[in-house]
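Okay, structure first, notes after.
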Amino acid sequence: MDIRLTSLSDPALSGFDTVIDTRSPLEYAEDHLPGAINLPVLSDEERAQVGTIYKQVSPFDARKLGGAMVAANAARHIAGPLAGLGGGWRPLVYCWRGGQRSGAFAGILSQIGWRVGRLEGGYKAWRALVVARVAAPVAAPVLVLDGNTGSAKTEILARLAARGHQVVDLEGLANHRGSLFGAMPGGQPSQKRFESRLAMALEALDPARPLLVEAESSRIGDLNLPRGIWQAITAAPRIRLAVPVEARAAYTARAYAETCADPEAVARIVGLLRPLHPADRIEGWLRMIDVADWGGLAEGLMRDHYDPRYEKHRARHDDGRGPVVALDGLEDLEAAASAVEAVLVGLDPARPAPVARPAASGGDI
């Protein structure tokens with residue numbers, strides 16, 4: 001039974017117990033349907049071998065070899081991860097275009113007696129839905145939480161999400177904190193995987209409620225923000241956090257403690273800034289690394305590198321009419337979130353608020 005999806009949240013998906021991606025492990029790792037497991041009918045090496053024979057010998061010989069490989073791999077999956085499943089189990093299988101690989105596996109599973117669905121158009125059809133979602137205008141009215149580096153925007157948004165506000169954590173989806181020092185354990189997903197994660201988050205939004213996102217550039221680490229969310233960020237009204245540089249530096253030294261545990265890596269990153277700064281400034285930062293003056297390093301980077309660039313970026317995307325939340329420190333993030341929440345109550349997300357509303361607080365980001 002072929003299944004045609006009309007949206008990322010198509011109810012048809014809920015009718016299956018397991019979604020099976022029959023593509024090779026490398027294809028699966030790049031991106032896959034949410035929750036899908038990988039039962040490849042051809043390994044990466046086998047797929048390459050079949051492709052070579054297809055081009056250099058003949059399609060017939062390639063299909064003959066591929067058929068034998070698919071049968072052997074299908075037998076291994078049935079005797080392995082599928083061995084304990086009963087007759088009522090309902091799988092949905094797919095490959096790149098819903099063709100030979102998924103068709104072969106689905107046929108074997110159907111012969112056993114399982115009611116098997118096959119995704120029409122395969123991953124390619126799913127990918128088309130993802131691309132359409134991330135390119136489209138964001139349905140919910142967007143509000144941007146802005147603030148210079150070290151203002152604890154991500155942590156404040158997490159606390160607002162826990163209080164029931166509608167939030168999309170772009171840096172969480174990208175697994176990167178959005179700066180030269182922002183690499184996270186596990187590395188970043190592929191661009192396609194990031195877009196799939198973002199598409200699912202956008203699909204789940206309530207269009208009647210404001211959506212809070214963090215101010216970002218057009219790239220988070222190595223990943224590009226898709227057109228829909230980027231246009232929404234640049235056009236949205238902003239709430240700006242105003243935090244003294246000393247407090248931001250102290251927070252950053254705490255938040256990046258794992259990064260600071262590798263001084264050589266920090267020094268290498270600082271070295272990348274040589275084309276942008278005088279030699280004596282770079283040397284000063286490197287000396288701070290040598291003596292583990294992480295607060296001083298963070299403050300120096302903010303004053304001379306990050307803050308000037310933030311101001312240039314803000315001048316392009318912020319009309320200056322949005323409210324400002326002034327925080328004296330960042331030791332109490334719940335209080336900081338409450339200060340932002342107080343501004344949200346009276347803010348119309350359809351247009352920037354004409355009067356700034358400062359609030360005092362502290363926060364630990």
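Here's the picture: charge each Lys and Arg Cβ at +1 and each Asp and Glu Cβ at -1 in segment 117-215, and of A128, A139, G178 the one pushed furthest to the positive end of that dipole is A128. Treating cross-link reach as a plain straight distance, find the lysines whose alpha-carbon is under 26 Å from the alpha-carbon of K153, omitting any fewer than eight places away in the same chain. Straight-line reach from K153, under 26 Å: K192, K312. Rounded to the nearest whole Hz, the Karplus-based 3J(HN,Hα) values (6.51 cos²θ - 1.76 cosθ + 1.60, θ = phi - 60°) of segment 286-299 follow the sequence 5, 5, 4, 5, 4, 9, 6, 8, 5, x, x, 4, 4, 5, with x at glycine and proline.
Summarising the amide proton neighbourhood of R219: residues at separation of 5 or more, or on other chains, whose placed amide H is nearer than 5 Å comprise L225. How much of the pair distance distribution for segment 137-345 lies past 22 Å, counting alpha-carbon pairs only, in percent? Considering segment 137-345, 51 percent of its Cα-Cα pairs are separated by more than 22 Å.
Checking (i) 157; (ii) 174; (iii) 148 against volume of the Cα convex hull per residue in Å³ calculated from these atoms, the matching label is (ii).
Annotation: amide H of V93 within the under-5 Å range of I20, G117, R118, L119, sequence separation 5 or more or interchain, hydrogens built in the peptide plane.
For segment 2-132, the Stokes-Einstein estimate of translational diffusion at 20 °C and a viscosity of 1.002 mPa s comes to 142 µm²/s, using the Kirkwood hydrodynamic radius over alpha-carbon pairs. Residue by residue, segment 40-56 carries 3J(HN,Hα) couplings of x, 8, 9, 6, 4, 5, 5, 4, 5, 5, 4, x, 5, 5, 4, 7, 9 Hz when phi is fed to the Karplus relation 6.51 cos²θ - 1.76 cosθ + 1.60 (θ = phi - 60°); x denotes Gly or Pro.
Here the dipole of segment 137-345 is about 720 debye; that uses its Cα centre as origin and unit charges on the Cβ of Lys and Arg (positive) and Asp and Glu (negative).
Ordering of 270-279, 28-37 by packing is 28-37, 270-279, highest average first (other Cβ atoms within 10 Å, averaged per residue).
Taking the fewest neighbouring Cβ atoms within 10 Å as the starting point, the ordered list for Y251, Y54 is Y54, Y251. Beta bridges assigned by DSSP with both partners in segment 137-345 are antiparallel in approximately 20 percent of cases. Here the chain is treated with +1 on each Lys and Arg Cβ and -1 on each Asp and Glu Cβ, and its dipole about the Cα centre works out to around 1540 debye.
Readers should treat all values here as calculations from the given coordinates under stated rules, not as data from a laboratory. What you see is a predicted model; the values in this text were computed from it and never measured. All Cβ positions, even for glycine, are placed from backbone atoms using ideal geometry, and neighbour counts span all protein chains on display.
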